[in-house]
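Peer 1: Pasting a structure here, questions to come.
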Ligand SMILES: *Cc1c(COP(=O)(O)O)cnc(C)c1O
């Protein structure tokens, strides 16, 4: 069932207020943190509502689902892939997304670069890092991130914007704090070692956006708090 737009507005206002409060507590300005609307498992109404509210980007975690939804959405939006991507789907991902956040292997990097070359475009990517060392999560290990970045920077049709992580599911907030601090420290080190800004730190979801912003997130990926339970 499609909720009323007014329900979405009230949810989005609440999330925005949380972002503002978290930024103020961390001595940051709210414009540094983008709210990415995660529209997975919801119909075309979800990206439409996000656009109407003034959000510019949406996150989907499956290529197929996004391909079905996109033609139904008239509003211009930036589509970002946030879910795991198999390298045999690199071509169709490059065709349908503005940026892929879930890049975690050299093989996938090479496939995306080749696909972007064929499409005659430059594709934005984030490297997904398993910064919480969670066996249940995809992403390159912290120790292997430098070599993945080195490979990514050598590929001419990819634009490496930064890093992404998903914190382990845990009641103890210190686990999310540690995970986000790990990603931030990694980014600072890589940016200095490789001389590239890696400006985007995609971290924080409905349940952990506050510690993510405290640690330096520049993009929170929010589904449930905006659109309700899936
Ligand atoms: C589903 C999902 C989100 C949004 O999670 P919520 O808890 O619903 O806000 C963020 N990031 C990724 C990678 C996801 O798969």
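The values are calculated or read from the model by the stated rules, or taken from the named source; none is laboratory data. On a predicted model such as this, the values are computed, not experimentally measured, just so you know. When we count neighbours, we look across all protein chains shown, and the Cβ atoms used for this are built from the backbone with ideal geometry, even at glycine.
Peer 1: Given the condition out of contact with any strand residue (DSSP E or B) (no Cβ under 9 Å at 6 or more places or on another chain), within 21 Å of residue 126 (Cβ to Cβ) and modelled with pLDDT of 95 or more, answer yes or no: does some residue in the range 93-100 qualify? First the steps, then the outcome.
Peer 2: If we filter the range 93-100 for residues that are out of contact with any strand residue (DSSP E or B) (no Cβ under 9 Å at 6 or more places or on another chain), which is where we start, we get 95.
Next cut, within 21 Å of residue 126 (Cβ to Cβ) only: 95.
Of the ones still in play, those that are also modelled with pLDDT of 95 or more are 95.
Looking through the range 93-100, at least one residue is out of contact with any strand residue (DSSP E or B) (no Cβ under 9 Å at 6 or more places or on another chain), within 21 Å of residue 126 (Cβ to Cβ) and modelled with pLDDT of 95 or more.
Peer 1: Take the residues in the range 215-230 that are over 22 Å from residue 2 (Cα atoms) and crowded, with 20+ Cβ neighbours inside 10 Å; name whichever of them is nearest to the ligand (Cβ to nearest atom). Steps first, answer last, please.
Peer 2: Looking only at the range 215-230, we keep the residues that are over 22 Å from residue 2 (Cα atoms), and these are 215-220.
Among the residues that remain, those that are also crowded, with 20+ Cβ neighbours inside 10 Å are: 215, 217, 219-220.
Working: 215: 16, 217: 12, 219: 10, 220: 8 Å.
Once the filter is applied, the top-ranked residue is 220.
Peer 1: What tally of residues in the range 198-214 results from selecting those that are in a loop (DSSP other than H, G, I, E, B) and either out of contact with any strand residue (DSSP E or B) (no Cβ under 8 Å at 6 or more places or on another chain) or within 11 Å of the ligand (Cβ to nearest atom) (or both)? Explain how you work it out, then say what you get.
Peer 2: Of all residues in the range 198-214, those in a loop (DSSP other than H, G, I, E, B) come to 198-199, 203-208.
Okay, now just the ones that are also either out of contact with any strand residue (DSSP E or B) (no Cβ under 8 Å at 6 or more places or on another chain) or within 11 Å of the ligand (Cβ to nearest atom) (or both), so 203-208.
Residues meeting the conditions: 6.
Peer 1: I've got another one for you. State whether the residues of the range 109-117 include one that is within 16 Å of the ligand (Cβ to nearest atom) and over 29 Å from residue 11 (Cα atoms).
Peer 2: Applying the first criterion (within 16 Å of the ligand (Cβ to nearest atom)) to the range 109-117 yields none.
No, that holds for no residue.
Peer 1: Condition test on residue 191, is it away from the ligand (no atom under 13 Å from the Cβ), surrounded by 20 or more Cβ atoms within 10 Å (Cβ to Cβ), at pLDDT 95 or above and farther than 23 Å from residue 24 by Cα? Outline the logic, then answer.
Peer 2: Values: away from the ligand (no atom under 13 Å from the Cβ): yes; surrounded by 20 or more Cβ atoms within 10 Å (Cβ to Cβ): no; at pLDDT 95 or above: yes; farther than 23 Å from residue 24 by Cα: yes.
Criteria not met by residue 191.
Peer 1: Go through 145, 176, 151, 181 for me and flag whichever is in contact with a strand residue (DSSP E or B) (Cβ under 8 Å, 6 or more places away or on another chain), at pLDDT 95 or above and part of a helix (DSSP H, G or I). Break it down into steps so the answer makes sense when it comes.
Peer 2: Numbers: 176 fails: in contact with a strand residue (DSSP E or B) (Cβ under 8 Å, 6 or more places away or on another chain); 151 fails: in contact with a strand residue (DSSP E or B) (Cβ under 8 Å, 6 or more places away or on another chain); 181 fails: in contact with a strand residue (DSSP E or B) (Cβ under 8 Å, 6 or more places away or on another chain).
Unique residue meeting the criteria: 145.
Peer 1: Right, something else. Which number in (1) over 14 Å from residue 204 (Cα atoms); (2) surrounded by 14 or more Cβ atoms within 10 Å (Cβ to Cβ); (3) under 18 Å from the mean Cα position of the chain (by Cα) marks the one condition that residue 146 misses?
Peer 2: (3)
Peer 1: Continuing with this model, one more query. Give all pairs with beta carbons closer than 7 Å in which a residue from the range 92-120 that is free of Cβ contacts under 8 Å to residues at least 24 places away in the same chain meets a residue that is surrounded by fewer than 23 Cβ atoms within 10 Å (Cβ to Cβ) and assigned to a helix (DSSP H, G or I); count only pairs at least 6 apart in sequence or on separate chains.
Peer 2: Filtered contacts from the range 92-120: 107/87; 108/87.
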